[in-house]
1. When Lys and Arg each count +1 and Asp and Glu each count -1, what net charge do the other residues less than 14 Å away from Leu92, Cβ to Cβ, add up to?
2. Only sites in a loop by DSSP and with at most 11 other Cβ atoms within 10 Å count here; which trypsin sites (Lys or Arg not before Pro) in region 93-169 make the cut?
3. Fewest to most neighbouring Cβ within 10 Å: what's the order for Glu32, Glu51, Glu159?
4. Please identify the trypsin sites (Lys or Arg not before Pro) of region 1-104 that satisfy two criteria: DSSP loop assignment and at most 16 other Cβ atoms within 10 Å. Which are they?
5. Does anything in region 133-168 have its amide N under 15 Å from the 7 Å Cα→Cβ label point of Leu6, and if so which residues?
6. In deg cm²/dmol and to the nearest 500, what is the mean residue ellipticity at 222 nm of the chain if only DSSP H runs of at least 4 residues count, each as -39500 (n - 2.57), divided by the residue total?
7. Assuming a ≥ b ≥ c are the square roots of the Cα gyration tensor eigenvalues, decide whether region 1-70 counts as rounded (a/c under 1.5), prolate (otherwise, with a/b larger than b/c) or oblate.
8. In debye, nearest 20: dipole of the chain around its Cα centre with unit charges on the Cβ of K, R (+) and D, E (-)?
Amino acid sequence: MERIALNALAAIAARHSTRAYSSDPVSREELELIVDAARRAPSANNVQPWEFVVVTEAETRKRIAALAQYGKFIADAPACVAVFCKDVKYFLEDGAAATENLLVAAAALGVQSCWVAGDKKDYAPAVAKVLGVPEGHRLVALLALGHASRTEVPTPKRELSSVLHWERF
Ligand SMILES: Cc1cc2nc3c(=O)[nH]c(=O)nc-3n(C[C@H](O)[C@H](O)[C@H](O)COP(=O)(O)O)c2cc1C
């Protein structure tokens, strides 16, 4: 497939959360590239505790959407990636690093996304059950992936000058 991917800085700048999706699909090749970026994330002691469950089946997405309190749009997005980690000491940091890679890789390919909370949510075990995840894994995040169905205004961000401290806070 012919593709032009954005470089990392452009992809980071382009990324923002999308919560209304069209039915335009995300190809299997794009999904593989996105997960391939996730598995390259850093992890404490290089444990790589992650597992990524890619869900494209509408019925399963609807079941996840029904569980996810603020992730109802997962039912409409053509793909959802559930990020699980083995319950190791740094599972959350490792899983968050992988999740950010997923988001940035998607943006690089022109695929929109939204991180939906997994860890600390009481629906996490139910999502794991729907997806047949073995015991001993924690849900870090659910990602909706697809294409926006409407024009979106990027989320305001704090200015560099208000967050960057040279040498001392
Ligand atoms: C840990 C975490 C949990 C989040 N959970 C949700 C969620 O459940 N539903 C949702 O719509 N957005 C969720 N978000 C997305 C944030 O609301 C969004 O990233 C934030 O408002 C900044 O907007 P941006 O992504 O467009 O930069 C979550 C983000 C993070 C990092």
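None of the figures in this text is laboratory data; all of them are computed from the coordinates on show. Just so it is clear, the structure is predicted and the values come from calculations on it, not from any experiment. As a convention, Cβ positions derive from the backbone with ideal geometry for all residues, glycine included, and neighbour counts pool all protein chains shown.
1. Numbers: positive: Lys86, Lys89, Lys120, Lys121, Arg138; negative: Asp87, Glu93, Asp94, Glu100, Asp119.
Result for the local shell: 0.
2. Working: sites: Lys120, Lys121, Lys129, Arg138, Arg150, Lys157, Arg158, Arg168; in loops: Lys120, Lys121, Arg150, Lys157, Arg158, Arg168.
Answer in residue order: Lys120, Arg150, Lys157, Arg158, Arg168.
3. Details: Glu32 11, Glu51 17, Glu159 8.
So the residues, fewest neighbours to most, are Glu159, Glu32, Glu51.
4. On the way: sites: Arg3, Arg15, Arg19, Arg28, Arg39, Arg40, Arg61, Lys62, Arg63, Lys72, Lys86, Lys89; in loops: Arg3, Arg15, Arg19, Arg39, Arg40, Lys89.
Taking region 1-104 and a limit of 16 other Cβ atoms within 10 Å, the loop trypsin sites (Lys or Arg not before Pro) found are Arg3, Arg39, Arg40, Lys89.
5. 146-148, 152-157, by backbone N distance to the label point.
6. Working: 6 runs with 57 residues, N = 169.
Here the helix-only value at 222 nm equals -9500 deg cm²/dmol.
7. On the way: a/c = 1.62, a/b = 1.17, b/c = 1.39.
Because a/c hits 1.5 or more and a/b fails to exceed b/c, region 1-70 counts as oblate.
8. 400
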